[in-house]
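Please read the structure below before turning to the comments.
The values are calculated or read from the model by the stated rules, or taken from the named source; none is laboratory data. Every value quoted in this text rests on a predicted model; they were computed, and no experiment measured them. We place every Cβ from the backbone using ideal geometry, glycine too, and count neighbours over all the protein chains shown.
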Amino acid sequence: MYKRQRFPLNKISFACLLFCTYGSNAQNNNTNKTDVSQCPIPSYAQIAGESGKVANDNFTILSSTSSIKKGEYAQFTGGVTLLNKDKSVVADELSVNREDATVIANGDIHFQNKGIDIFASTLNINEQQKTTSLTDTSYQLNGTAGHGSAEEININGDGKTLNFIDSSFTTCYGAVPDWQMRASEITISADEKSLEAYNARFSLFDIPVLYVPYLTMPIGTERQSGFLYPSISSSNNSGIEVQMPYYINIAENMDATITPRYMSDRGTQLITEFRYLEGLQSGQVDIEYLNNDKKITNNDSRYLARIQHIGTYSDRFRAHVDYSTISDDNYLVDLGSSQFNSNDSYLYQVGEVSYFADTWQSTFKLQDFEVLGDHQQSYKTLPQIEISSQQALTSFDGIIDIYSELSVFDTPDKTKPTAERYHLEAGLLYPIVTPAWFLNSELKLLQTNYQQKNIDAASNLEKDVSRTLPKVRVHGGVNFDRALSLFGQSYNQTLEPQLQYLYIPDKDQSNIGIYDTTNLQDDYNGLFRDRRFSGIDRIAQANQISWGLTSRILNEQNNELLRFSLGRIVYFNESNFNNSEQDVIADKSALAADIYVHLSRNWQFSSDIQYNTDSNSTSKSQTSLDYLFSNNQTIQLNHRYASDVSGESLEQMSLATSIKIADRWQFVGRFTQDLKGRRSIESYAGLEYSSCCWGIRFAYHRNINSKIEDDNNINENRDAFDSGFKIEFVYNGVNSKQSTNSVSDMLNSSIFGYKRPYFLNN
């Protein structure tokens, strides 16, 4: 029969047994995670619970037999159990020596606390030296798949640091783990929630694949410094590539990632990312630098830098900065970047500060574009000041609306004019909105003044220009609805006609340069705009009626299952711009239609189309069909067409898919075909194997290269297509700032990317 022994030790503190380790699930900033629960994680019953005793600050020792010599030692044998509120020990034998303040246990030892279970042959606690040692051990991190063995485990005095000698670590199970790390020494810190390994050797299926002299990785649920997953790839542009990111947790509100990128054909590039968050301020700084690119003739250094900041300084003040610069026009084509797409034609540069009052607001903005390639240089605004105000008139529910703008336009092209522009819009708004109908009326006066400089004598531009235009706009609509029964189900159907009249008189504007103005898209929603251009250098003459009709079918939960919209603009005037500025328009715009179908959780169809009834041809269209098998299995088919893109027609078809082809295998692909040119624009295929404890990703890409004429690198021979592969290992349960499930990552790796429909959810 077991005897209960209470053994008070006045000189010996058993706090050295107390330590707290954390599971090896590292911080993951991405919501997509591999389901580690697939692995059969062992769980061990609580030793204190099995004994039926309540652990407390004192030590309770249970054993079959005991021998105690007062003031010297105590010997316990026969199923010894030591209990404390922080730890528990089971052993065949346990002895306590008060003279040298030691506790020694032998036999089948099971050490347990809230963070770890350790099985050992010997246990030695030296209170004077504040050390605890266990030999010939195996261990299991509680609540995770992390486990391994060690010749010796040492625990420091405060119990928060574990040192493993000649040890192994893995998150896989079986006689031969799929992957395993062995190291001469591993140190786990509970305070820093990190793991350090010396002379680490990684193996796959017991085959050595990687040696790292030293590494550190997080082992807690918080962000920790350490190496992230390396990746290996190849391409025609850069040759063999190897990336080894290192994540630095600087503080709770800031971090950095440093990524050396070795390219066999170009050299070694350093990619750095710094992020910060301070109250309502957040930002990111990215710098990419390659010294002496071996593949270009002049062997110059190449770089990209980007600064982003968003801040709210009070209830009324806000600021935004997004500034990018680049070494040469072909940087994105040759090297690529996570900051921009390889076929981007410009870098956006903006800085603005906004102030919000009760009835008005203002914005101070500096804006520029760094144009890449042989494109027309854009204008920068240095600065642009906007002030707007809306004041309610309680007498008849009207609103006085005022908008003013001061812009200074400059350009590095000295052959082009510059300008200062002041614009004022003032008028009266009278909105009426009810659940069944709405009617918005607007009467405004538009006044614009230009001071233009550096004018070519042969142009029609004038130094001083004043333009005054009135604007009348009336926009109304009615909402009808009725109950509808289809296939035994109850639905609600709406009918929403709307009508708009817009009037702006004709005004010759050929004496004004074009500084920030371009055509707006002519989709269904654009039918009811009050302008045809972005910017105000051109204000189109308008004497027109816009009509539109929308019908929706809603289910009992008020979810939209079907939507169809159709409309067009009827013009009562001709265009007031010549062919050099804008194509002459007919008396009617193209029919604009919008279609959306979502009849089940899995299927979704959407399409936007503009159809010219005079020529019986489609002007623009974009159609998408999506089918969702499960959360990570989908097929998306896209078709894009435009009759006039820089004077040429465009027609493309693309297919994006993610399919589970076996229990642990996932295929991801995206293919884009130029139907007009009868050529492939992009082919991307990815294959991923993912188990509960590790994964591997393969990807192949082939896409058309953008070619930008660059005076500095004019003799460069760039292939029409870039192709290559990428391979990436994932050790689940070790560390990651990155996602352990790469389905969405691989879909977005293609040059056109993947956009998941908002309503298509599993």
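Name the residues in segment 382-400 that are under 15 Å from residue 362 (Cβ atoms) and either of a type outside the set (S, T, N, Q) or in contact (Cβ under 8 Å) with a residue 40 or more places away in the chain (or both), would you?
383, 385, 386, 387
Would you be able to say whether some residue in segment 479-491 is surrounded by 15 or more Cβ atoms within 10 Å (Cβ to Cβ) and in contact (Cβ under 8 Å) with a residue 60 or more places away in the chain?
Checked against the condition, which is being surrounded by 15 or more Cβ atoms within 10 Å (Cβ to Cβ) and in contact (Cβ under 8 Å) with a residue 60 or more places away in the chain, segment 479-491 yields at least one hit.
Here is a yes/no grid of residues against (1) surrounded by fewer than 15 Cβ atoms within 10 Å (Cβ to Cβ); (2) outside the structural domain of residue 699 (by TED's automatic domain parsing); (3) modelled with pLDDT under 90:
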{"site": "249", "(1), (2), (3)": "no, yes, yes"}
{"site": "255", "(1), (2), (3)": "no, yes, no"}
{"site": "261", "(1), (2), (3)": "no, yes, no"}
{"site": "283", "(1), (2), (3)": "no, yes, no"}
{"site": "294", "(1), (2), (3)": "yes, yes, yes"}
{"site": "323", "(1), (2), (3)": "no, yes, no"}
{"site": "333", "(1), (2), (3)": "no, yes, yes"}
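Look at residue 504 and say whether it is touching a Lys or Arg at 6+ places or on another chain (Cβ under 7 Å), more than 26 Å from residue 401 (Cβ to Cβ), crowded, with 16+ Cβ neighbours inside 10 Å and aliphatic (A, V, I, L, M).
So residue 504 does not fit the description; no.
Do we find that residue 473 is basic (Lys, Arg), in a strand (DSSP E or B) and within 18 Å of residue 550 (Cα to Cα) in this structure?
Here the answer is no, as residue 473 does not meet what is asked.
Say whether the condition of being within 28 Å of residue 261 (Cα to Cα), at pLDDT below 85 and among the small types (Gly, Ala, Ser) is met by at least one residue in segment 188-199.
yes
Residues are listed down the side, and each one gets a yes or a no for (1) under 30 Å from residue 458 (Cα atoms); (2) of a type in the set (A, V, I, L, M, F, W, C); (3) touching a helix residue (DSSP H, G or I) at 6+ places or on another chain (Cβ under 7 Å); (4) not in a strand (DSSP E or B):
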| residue | (1), (2), (3), (4) |
| --- | --- |
| 469 | yes, yes, no, no |
| 483 | no, yes, no, no |
| 522 | no, no, no, yes |
| 527 | no, yes, no, yes |
| 543 | no, no, no, no |
| 557 | no, no, no, yes |
| 561 | no, yes, no, no |
| 566 | no, yes, no, no |
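Regarding segment 111-120, can at least one residue be identified that is outside any loop (DSSP other than H, G, I, E, B) and surrounded by fewer than 16 Cβ atoms within 10 Å (Cβ to Cβ)?
no
For segment 143-154, how many residues are under 37 Å from the mean Cα position of the chain (by Cα) and surrounded by fewer than 19 Cβ atoms within 10 Å (Cβ to Cβ)?
2
Just the residues that are surrounded by 15 or more Cβ atoms within 10 Å (Cβ to Cβ) and among the aromatic types (Phe, Trp, Tyr), please, taken from segment 296-315.
Once the filter is applied, which keeps residues that are surrounded by 15 or more Cβ atoms within 10 Å (Cβ to Cβ) and among the aromatic types (Phe, Trp, Tyr), segment 296-315 yields only 303.
If I filter segment 90-106 for residues that are closer than 28 Å to residue 145 by Cβ, out of contact with any Gly (no Cβ under 7 Å at 6 or more places or on another chain) and either touching a residue at least 40 places away in the same chain (Cβ under 8 Å) or not assigned by TED's automatic domain parsing to the domain that holds residue 45 (or both), do I get at least one hit?
Looking for residues that are closer than 28 Å to residue 145 by Cβ, out of contact with any Gly (no Cβ under 7 Å at 6 or more places or on another chain) and either touching a residue at least 40 places away in the same chain (Cβ under 8 Å) or not assigned by TED's automatic domain parsing to the domain that holds residue 45 (or both), one finds at least one in segment 90-106, hence yes.
In segment 444-467, which residue that is of a type in the set (A, V, I, L, M, F, W, C), assigned to a strand (DSSP E or B) and buried (at least 17 other Cβ atoms within 10 Å of the Cβ) is nearest to the chain's Cα centre (by Cα)?
For segment 444-467, the residue satisfying everything is 446.
Here are some conditions: (1) surrounded by 16 or more Cβ atoms within 10 Å (Cβ to Cβ); (2) closer than 23 Å to residue 188 by Cβ; (3) at pLDDT 90 or above. Residue 77 meets all but one. Which one does it not meet?
(2)
Among 680, 607, 630, 654, which is surrounded by 14 or more Cβ atoms within 10 Å (Cβ to Cβ) and at pLDDT below 85?
So the residue among 680, 607, 630, 654 that is surrounded by 14 or more Cβ atoms within 10 Å (Cβ to Cβ) and at pLDDT below 85 is 680.
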